[in-house]
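Below is one structure, written out as structure tokens, with a few remarks after it.
The values are calculated or read from the model by the stated rules, or taken from the named source; none is laboratory data. This one's a predicted model, so the numbers in the text were calculated from it and none came from an experiment. Cβ placement follows ideal geometry from the backbone for every residue including glycine, while neighbour counts extend to all protein chains displayed. Areas reflect the complete protein model, heavy atoms only, side chains present, ligands, DNA and RNA absent. Shrake-Rupley method; radii C 1.70, N 1.55, O 1.52, S 1.80 Å.
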Amino acid sequence: MRYMADHFMYAAGSDFRNTIRVGIEMSEPVDEAVLRKAVDRLPLRFPYFSVRLVRENETYYYEPNDEPYVISKDGRAVVLGSEESNGHLVAFAYRGNVIYIDSSHFFMDGGAQFPFLKMLFYEYLKGKHPEEEFDTSDIPQPGDVIRQEEMTDDPYPTEEIPVDFPELESEPEKIFLLQDQPQGYENSGDWTSFRFKVKQADMMQYASSADGSPATFVSSLIYRAISALNPENRLPLVCGMQHQFRRALGNPYSHSSHVRIVPITYPDKVRERDLGTINTIGRGTLLLRASDEADSHSINEYLRNKERLQKMTVQKKQRMVRWIVRSSIGTNTFEVSYTGRVRWSGLDRYIRCFSPYVDLTLSGGISAEIFALGEYFDINIMQRSSDGKYVDHILAQLEELGIHAEAEAPEPFELCGFQAPM
């Protein structure tokens, strides 16, 4: 079955990739043969992810792709949509104890990806440890009846949602931008990941006391680090907070990407405030800007843009959708994303660390990903440079608060490329 691609896919290309890599470190070396069997079973439950992107006249479609998913043995990132990935928009790799899953963020977001990952690790661990028993009650498996809401290629309403809620002002016209984070894919060899773990109980004890959340707490730490290390700056800083809007869409099962960026502005006057107050300010802003009513404006804007794009050529669609993406992301000093607590059904006994890696050309130069795993938060702060001064400051703040962090050595990372259909 062929179905129409989401219009955000028109933005994707070799010079506008928006690919994402998830690295999952296991407690033991990866078994290639077992991984191959697990990966080969994924299309039986998730046929809508086993596709290739094709062009017919001025329209992109997804077509079933029966070629096997590619698994790179050395952890290498391939070019999605090309022969290198067998035309797939998803690819896999492994190195040592780590399994990597690569995809287009235009194609799927974390909410759509997690059930896919959960089945992968269930199939892998079932093959690797047949003696183990896992709670399979909410693990996707071949033979499941797939909901229509999950399969649909167009989860959006046919008409705009009535909204009795004003559109909020965007971020300030002039904000502080980091000058020590080189831009462009040509500098992606310098992209560096700084990963550390903190106990959920320790961090939430502090964050909750300030009516905060994991996302706003980490945002506050990054804000204070950037402010302290750029004392001459008086412009506001803006955190772009990733937020999924499936609830406002009314379809929690959609397999498409439904992410928008919520800006949290830190004006210079909060520089001297304590961390708890800064955290509270961020949480209040997030609650207001990430409401269902605010999300409904994004849904309505999607519908209006869909109408505008219908009669355009692919080249015009590409230019317009890239402009839409950049406008919706806005200009941010840094970004934060928190996936939220997820149910692993016992699979996490074999998982040591969970780390998403994102395209930093669409960021202000620093992006943080937070993932809850077991009793810890896995925090991955990515930069477009290898200078660890900001992360050192963040770790020092945690130490002052009595929150112990287990830090990994910094490491470079790479992401997949993307090839659009000709």
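Of note:
- Within region 215-264, being among the β-branched types (Val, Ile, Thr) and open to solvent by 10 Å² or more (accessible area, probe 1.4 Å) holds for Val259, Ile261.
- Selection count, region 110-148, where residues are over 18 Å from Val98 (Cβ atoms) and aliphatic (A, V, I, L, M): 5
- Among residues of region 95-139, those that are within 23 Å of Tyr3 (Cα to Cα) and assigned to a loop (DSSP other than H, G, I, E, B), counted: 5
- When region 83-93 is filtered for residues that are open to solvent by less than 10 Å² (accessible area, probe 1.4 Å) and in contact with a Phe, Trp or Tyr (Cβ under 9 Å, 6 or more places away or on another chain), the ones remaining, listed by number, are Ser85, His88, Leu89, Val90, Ala91, Phe92, Ala93.
- The one condition in (1) in a loop (DSSP other than H, G, I, E, B); (2) acidic (Asp, Glu); (3) over 21 Å from the mean Cα position of the chain (by Cα) that Asp153 fails to fulfil: (3)
- Of the criteria (1) open to solvent by 10 Å² or more (accessible area, probe 1.4 Å); (2) of a type outside the set (A, V, I, L, M); (3) at pLDDT below 95; (4) under 24 Å from the mean Cα position of the chain (by Cα), which one Arg2 fails: (4)
- Cβ-Cβ contacts under 9 Å between residues 6 or more apart (or on different chains), taken from a first residue in region 404-417 that is touching a residue at least 60 places away in the same chain (Cβ under 8 Å) and closer than 14 Å to Arg17 by Cβ to a second residue that is open to solvent by 80 Å² or more (accessible area, probe 1.4 Å) and of a type in the set (Lys, Arg), are listed as Glu414/Arg76.
Yes or no, residue by residue, for (1) touching a His at 6+ places or on another chain (Cβ under 7 Å); (2) surrounded by 13 or more Cβ atoms within 10 Å (Cβ to Cβ):
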{"position": "Ser103", "(1), (2)": "no, yes"}
{"position": "Met108", "(1), (2)": "yes, yes"}
{"position": "Tyr122", "(1), (2)": "no, yes"}
{"position": "Glu132", "(1), (2)": "no, no"}
{"position": "Ile139", "(1), (2)": "no, yes"}
{"position": "Glu149", "(1), (2)": "no, yes"}
{"position": "Pro157", "(1), (2)": "no, yes"}
{"position": "Glu173", "(1), (2)": "no, no"}
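- Any hit, region 38-60, residues being under 28 Å from Ser193 (Cβ atoms) and open to solvent by 30 Å² or more (accessible area, probe 1.4 Å): no
- One residue from Val238, Val218 being in contact with a Pro (Cβ under 8 Å, 6 or more places away or on another chain) and not charged (D, E, K, R): Val238
- Residue, nearest to Tyr185 (Cα to Cα), within region 337-375, restricted to residues that are in a helix (DSSP H, G or I) and open to solvent by 10 Å² or more (accessible area, probe 1.4 Å): Thr361
- Test: residue in region 354-364 that is touching a helix residue (DSSP H, G or I) at 6+ places or on another chain (Cβ under 9 Å) and more than 29 Å from Asp268 (Cα to Cα): yes
Conditions (1) under 17 Å from Thr333 (Cα atoms); (2) at pLDDT 95 or above; (3) in contact with a strand residue (DSSP E or B) (Cβ under 7 Å, 6 or more places away or on another chain), marked per residue:
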{"position": "Arg247", "(1), (2), (3)": "no, no, no"}
{"position": "Pro252", "(1), (2), (3)": "no, no, no"}
{"position": "His258", "(1), (2), (3)": "no, no, yes"}
{"position": "Pro263", "(1), (2), (3)": "yes, no, yes"}
{"position": "Glu272", "(1), (2), (3)": "no, no, no"}
{"position": "Arg283", "(1), (2), (3)": "no, no, no"}
{"position": "Ser296", "(1), (2), (3)": "no, no, no"}
